[in-house]
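The values are calculated or read from the model by the stated rules, or taken from the named source; none is laboratory data. A quick note: this is a predicted structure, and the numbers were derived from the prediction, not measured. Glycine gets a Cβ as well: all are built from the backbone with ideal geometry, and neighbour counts include every protein chain shown. Heavy atoms of the whole protein, side chains included, go into the accessibility calculation; ligands, DNA and RNA do not. Shrake-Rupley method; radii C 1.70, N 1.55, O 1.52, S 1.80 Å.
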Amino acid sequence: MKSSLMNSLGRGLAAGLVATIVLVIVLTLKQAAGLMPQLNLVAVLAHALGSRSLAVGWAANAFVGVLLWGPLFVWADRRMFFAHWINGLFFASVIWLGVMLVIMPAAGEGLWGLNLGMATPSLTLFLHWIYGVVMGSAYSALKPGAWSRAVAHRLHHA
């Protein structure tokens, strides 16, 4: 039991890392494309922490995405009964709700982040869904034997 939990926590941390990296890429592309440039989630996170430094926002994003949400997803996933990626979608939706009700007001952006624009709630929900689906999918893919079973299945059906 203990080694199973440790294995799951390691998978959760790794899945959180993969999802955080993907989200960083998506956030960077969003800013580079000029899509709602006023909605810079890294800056919002830094402001919520009382800083104007983007480095603080990036560090907090990495810490929360990997070290907080990764292990917490393991706990939540064990209590849900859908495919891991769907569990990740639900998990990320709960995180998004917290961001809208706590982080956005703490950053001075108002409830639901509406000071940043009417599209803020839907765009941030979509970004959280990307994170959740990637985390759940990575968590599933990192399960011991997942890759060998997938390869065996493909070879058998080739």
(Q) As an exercise, use a Förster radius of 30 Å and the Cβ-Cβ distance of L9 and S51 to find the FRET efficiency, rounded to the nearest 0.05. (A) 0.55
Q) With labels modelled as points extended 7 Å from the Cα through the Cβ direction, what inter-label distance (nm, one decimal) is found for A106 paired with I86? A) 3.2 nm
Q: Over the chain, average the accessible area per residue using a 1.4 Å probe and give it in Å², no decimals.
A: 56 Å²
Q: Output the relative contact order of the chain, whole-number percent, from Cα pairs under 8 angstrom with separation of 6+ residues.
A: 31 percent
(Q) If you average the alpha carbon positions of the stretch 27-51 and of the stretch 98-126, how far apart do those two centres end up, in angstrom? (A) 12 Å
Q) Between the helical axis of 2-33 and the dominant principal axis of the chain, each derived from Cα atoms, what acute angle in degrees is found, rounded to the nearest 10? A) 40 degrees
Q) If R0 is 25 Å, what FRET efficiency do you get for L114 and L29 from their C-beta distance, rounded to 0.05? A) 0.55
Q) Quick one: Karplus J couplings for the stretch 82-95, per residue in order, coefficients 6.51, -1.76, 1.60, θ = phi - 60°, nearest Hz, x for Gly and Pro? A) 8, 4, 3, 5, 5, 4, x, 5, 5, 4, 5, 5, 5, 4
Q. Using a 1.4 Å probe on the protein chains only, how many percent of the accessible area of the chain belongs to carbon and sulfur?
A. 75 percent
Q: Calculate how steeply helix 120-141 sits against the longest principal axis of the alpha-carbon atoms of the chain, using the helix alpha-carbon long axis, and give the answer as 0 to 90 degrees to the nearest 10.
A: 20 degrees
(Q) Quick check on the stretch 1-43: take the gyration tensor over C-alpha atoms, sort the square-rooted eigenvalues as a ≥ b ≥ c, and tell me if it's rounded (a/c under 1.5), prolate or oblate. (A) prolate
